[in-house]
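What follows is a single structure, written as structure tokens, with notes after it.
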Amino acid sequence: MIPAFNASMVLPPFVGDNPGIRASMSPYKVQIFDVVKRFATSAERVALLIGLLSYRKALRQCGVVDGFQWLDGSFVEDVERVRNRAPADIDLVTFASRPAGSDGPDMQQWITSNGALFDPSQTKENFRCDAFFVDLRKRPDLLVQDTSYWFGLFSHQRATSLWKGMIQVPMQSNDDDAMEFLAAVQLEEQEVQHA
């Protein structure tokens with residue numbers, strides 16, 4: 001379950017009275033449809049979610065199927081109320097294993113073939129996602145360093161250092177249902193505009 005925004009209009013870093021209980025700590029593990037239902041509250045947010053779902057589909061098509069994503073940034077805050085603007089993108093980091101057969105000399109070929117999915121400037125332009133990738137098949141010490149970096153960055157607002165929560169979604173989720181839901185929301189918005 002995605003908790004309600006706290007008094008600072010961000011997801012709380014934990015729910016309840018004890019931050020030491022793992023099950024009540026951020027990142028909050030949910031399915032992608034839960035994210036869509038919660039955050040598809042404006043045309044701008046719907047467009048961002050469509051970009052996210054398209055990005056997830058492109059990752060799966062190139063073999064990135066085993067892993068999860070952390071979603072963060074102003075998209076998972078009540079930025080409309082706090083800063084009087086819509087979120088510009090969705091910040092995310094994908095923790096996943098490269099597909100089988102992408103080791104050794106084949107790894108460079110795989111990266112080259114799919115480079116647009118791992119270059120944040122291109123993911124921002126093509127999918128409206130400020131996206132980064134952590135390969136779960138790397139050395140454990142490097143994996144710990146990367147996880148520590150992203151958790152530290154994502155668990156605090158950059159400008160204020162406010163401690164906040166984030167969302168975790170598995171790569172294998174109910175994306176098709178989420179896309180159908182967004183299409184219905186868009187259709188409803190169009191009907192309201194033409195009424």
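The values are calculated or read from the model by the stated rules, or taken from the named source; none is laboratory data. Fair warning: this is a prediction, and the values are worked out from it, not measured in the lab. Glycine also receives a Cβ, built like all others from the backbone with ideal geometry; neighbour counts cover every protein chain displayed. Surface accessibility is based on the protein's heavy atoms, side chains included, excluding ligands, DNA and RNA. Shrake-Rupley method; radii C 1.70, N 1.55, O 1.52, S 1.80 Å.
Within the range 138-162, take every residue that is among the hydroxyl-bearing types (S, T, Y) and either open to solvent by 70 Å² or more (accessible area, probe 1.4 Å) or in contact with a Pro (Cβ under 9 Å, 6 or more places away or on another chain) (or both) and give me the one that is nearest to S24 (Cα to Cα).
Going through the range 138-162, the residues among the hydroxyl-bearing types (S, T, Y) turn out to be 147-149, 155, 160-161.
Okay, now just the ones that are also either open to solvent by 70 Å² or more (accessible area, probe 1.4 Å) or in contact with a Pro (Cβ under 9 Å, 6 or more places away or on another chain) (or both), so 148-149, 155, 160-161.
Values: S148: 19, Y149: 21, S155: 15, T160: 24, S161: 21 Å.
Out of the qualifying residues, it is S155.
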Candidate set: the range 3-15, residues that are crowded, with 16+ Cβ neighbours inside 10 Å, of a type in the set (A, V, I, L, M) and part of a loop (DSSP other than H, G, I, E, B); chosen: the one modelled with the highest pLDDT: L11
All positions within the range 163-180 that are assigned to a helix (DSSP H, G or I), surrounded by fewer than 17 Cβ atoms within 10 Å (Cβ to Cβ) and either within 16 Å of the chain's Cα centre (by Cα) or in contact (Cβ under 8 Å) with a residue 40 or more places away in the chain (or both): D177
Hey, T160 among the β-branched types (V, I, T) and free of Cβ contacts under 8 Å to residues at least 24 places away in the same chain or not: yes
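Working only within the range 16-35, note down all residues that are farther than 10 Å from G165 by Cβ and either modelled with pLDDT under 95 or more than 18 Å from the chain's Cα centre (by Cα) (or both). Spell out how you get there, then give the answer.
Going through the range 16-35, the residues farther than 10 Å from G165 by Cβ turn out to be 16-24, 29-35.
G16, D17, N18, P19, G20, I21, R22, A23, S24 - these are the residues of the range 16-35 that are farther than 10 Å from G165 by Cβ and either modelled with pLDDT under 95 or more than 18 Å from the chain's Cα centre (by Cα) (or both).
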Subset tally (residues that are within 20 Å of E44 (Cα to Cα) and of a type in the set (A, V, I, L, M)) for the range 105-144: 1
Matching residues, the range 27-60, being of a type in the set (D, E, K, R) and open to solvent by less than 10 Å² (accessible area, probe 1.4 Å): R45, R56
